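Only one structure is covered here, and it is reproduced in the block below.
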Amino acid sequence: MNSYIAGCSETGDGIYIDPGAEVGRVIETAERLGVRLTKIVGTHAHLDHAEGVAEAKEKLGLPYWLHEAELYNLQNMPAAAQGYGFAVPEVPEVDGYLVPGESLAVGNLVFEICLTDGHAPGNITLYRPGSDGEAGHAIVGDALFAGSIGRTDLYMGNAKTLLESIRTQLLTLPPDTLVFPGHGPETTIGHEMAANPYCQPGAENLLG
Ligand SMILES: [Zn+2]
Ligand SMILES: [Zn+2]
């Protein structure tokens, strides 16, 4: 899975998005880039995106924010880990809730918080509009991948809801918007509109 650091080049403030594995490596990367991490943010709380949160909180002493609808997934991490035969992670405390329609400021960067549910009930997208010919950025969790979409067979997953979220929250963004998914390579909205079968009209027919 992909963890992300989003930092403001003017103030040096940054956020750590989705601490899964390799927490130490991400912290070292932030230090090397001169980013001062101020908050840990979850796109959603599936095991792969949140199993490193407790470690990151302990090492960095930072608050953890996510959508309230992800509390079930967060509390369910130990059971999910046992089911997969993985090491059982510590469930971190949540310090604040991300509310769709509100914004999240990181230094002088401002992200809009959008609900892109269907993969998980509180999967949020952080969207920063572009300006002055610079493309916008969308950190989408597991809603949309290059050429695919997130699975919908987990807790409160719903394929129709996911397609609707993608249509209303993501495909409405400018085509040059850079998309940073929870798995796999980055892409753009325009590329997915052209090449992703789940972004085409009638994609419901793919659901079987
Ligand atoms: Zn997920
Ligand atoms: Zn994932």
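The values are calculated or read from the model by the stated rules, or taken from the named source; none is laboratory data. Nothing here was measured: the structure is a model prediction, and the numbers come from that model. For neighbour counting, all protein chains shown are included, and Cβ atoms are generated from backbone atoms with ideal geometry for every residue, glycine included.
Going by the conditions given, is residue 29 assigned to a helix (DSSP H, G or I) and of a type in the set (S, T, N, Q)? Yes. None of 148, 165, 103, 131 is modelled with pLDDT under 95 and farther than 20 Å from residue 19 by Cα except 131. Consider the range 132-149 and keep the residues that are within 16 Å of the chain's Cα centre (by Cα) and part of a loop (DSSP other than H, G, I, E, B). The one that is farthest from ligand 2 (Cβ to nearest atom) is 136.
Only one residue in 149, 166, 113 is surrounded by 24 or more Cβ atoms within 10 Å (Cβ to Cβ), hydrophobic (A, V, I, L, M, F, W, C) and in contact with a Ser or Thr (Cβ under 8 Å, 6 or more places away or on another chain), so which one is that? Checking each option against the conditions leaves just 166. In summary, residue 10 fulfils each of the numbered conditions (1) in a loop (DSSP other than H, G, I, E, B); (2) in contact with a helix residue (DSSP H, G or I) (Cβ under 9 Å, 6 or more places away or on another chain) with the single exception of condition (2). Every test in (1) over 26 Å from residue 19 (Cβ atoms); (2) aliphatic (A, V, I, L, M); (3) touching a strand residue (DSSP E or B) at 6+ places or on another chain (Cβ under 9 Å) is passed by residue 193 save one, and that test is (3).
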